[in-house]
Amino acid sequence: MTLTELRSATTPAAPRALPARAPAPPADQAARQRREPRAAPLSLRCVTKRWRGARVAVLDRVTVALQPGTMTWIGGRNGVGKTTLLRIAAGLIEPDTGEVEVWGESARENRVRYQRLVSLLAAGDRGLYARLSVRGHLDFCARIAMLPRSELQRAVARAIEDFGLEELAGRRVDRISMGQRQRLRMAMTFLARPEIVLLDEPLTSLDADGAEILRCAIAEVLAREGAVLWCSPERELRVRFDARFALEHGRLVGA
Ligand SMILES: Nc1ncnc2c1ncn2[C@@H]1O[C@H](COP(=O)(O)OP(=O)(O)O)[C@@H](O)[C@H]1O
Ligand SMILES: [Mg+2]
């Protein structure tokens, strides 16, 4: 099923007010059981971030909650704070103030689990090792995601097939094209079946086939009630978003 078909088969959920903060769950239950029923897959509440030396905050009390099975777009001009917001949502940097939670739980409470649930496709061409092969990158990702040994090879084979990397699997990444590298970075992002996917200008260097592969990968996340946050300066008109916002002067506004 393509993303367009999936979207038209479901009623887009409107962004809702954030639920009350979930109580800390017991540590010995499975992740899904631990979910506070009203908690959002990802929520940012009153997130403020001011880079050292900056006159004003790049993010100023930003509040947004993603809903299960939906894709949200955040746009805004270069330098407005989209990547900063994604890095905070991914648990890579801390906001100065405010709460960031995945299913009601913050990265601070359990960083390992948080980062297992959330996957960021960073902008540009970062995160690859020049001399490592395409398959080597996927193997590495599967290992750091701590996939069980029985799952590991299957997950890598599936990623190679799903992202059209069959011909490239044995090649070093400094010997493949930008668009091919972007396919690999997408495959790495989706490999461990994350529940929340954060995409920073994901269409960079992708051809139409690559964009379709991305749409299918997103549809799979949404079909299992995950959530996607897509940031790019311009809205991609061929992609259907359930909720749209823009960052302006550190604040989120409807778009
Ligand atoms: N590590 C950093 N240290 C200091 N300032 C930063 C850092 N990262 C980003 N910024 C600044 O924060 C602002 C927002 O950057 P960014 O989030 O990358 O914007 P966008 O992704 O919307 O183009 C910019 O003014 C940028 O210079
Ligand atoms: Mg950016």
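The values are calculated or read from the model by the stated rules, or taken from the named source; none is laboratory data. Keep in mind the model is a prediction, meaning the values are calculated, not measured. Note that we place each Cβ from the backbone using ideal geometry, even for glycine, and neighbour counts take in every protein chain shown.
In table form, for the structure just shown:
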{"read-out": "The range 47-56, residues that are surrounded by 21 or more Cβ atoms within 10 Å (Cβ to Cβ) and either basic (Lys, Arg) or not in a strand (DSSP E or B) (or both)", "value": "Lys49"}
{"read-out": "Within the range 208-235, considering residues that are surrounded by 14 or more Cβ atoms within 10 Å (Cβ to Cβ) and free of Cβ contacts under 8 Å to residues at least 60 places away in the same chain, the one nearest to Ala90 (Cα to Cα)", "value": "Val221"}
{"read-out": "Test: residue in the range 100-121 that is within 13 Å of ligand 1 (Cβ to nearest atom) and either within 30 Å of Asp174 (Cα to Cα) or modelled with pLDDT under 90 (or both)", "value": "yes"}
{"read-out": "Pair list, Cβ under 6 Å, 6 or more apart: the range 184-203 residue farther than 15 Å from Trp73 by Cβ, other residue among the hydroxyl-bearing types (Ser, Thr, Tyr) and more than 16 Å from ligand 1 (Cβ to nearest atom)", "value": "Thr189/Ser119; Pro194/Ser119"}
{"read-out": "The range 52-71, subset within 16 Å of ligand 2 (Cβ to nearest atom) and touching a residue at least 12 places away in the same chain (Cβ under 8 Å), residue nearest to Phe241 (Cα to Cα)", "value": "Val62"}
{"read-out": "Which listed residue is within 16 Å of ligand 1 (Cβ to nearest atom), at pLDDT 95 or above, outside any loop (DSSP other than H, G, I, E, B) and under 24 Å from Glu220 (Cβ atoms), from Ile74, Ile88", "value": "Ile74"}
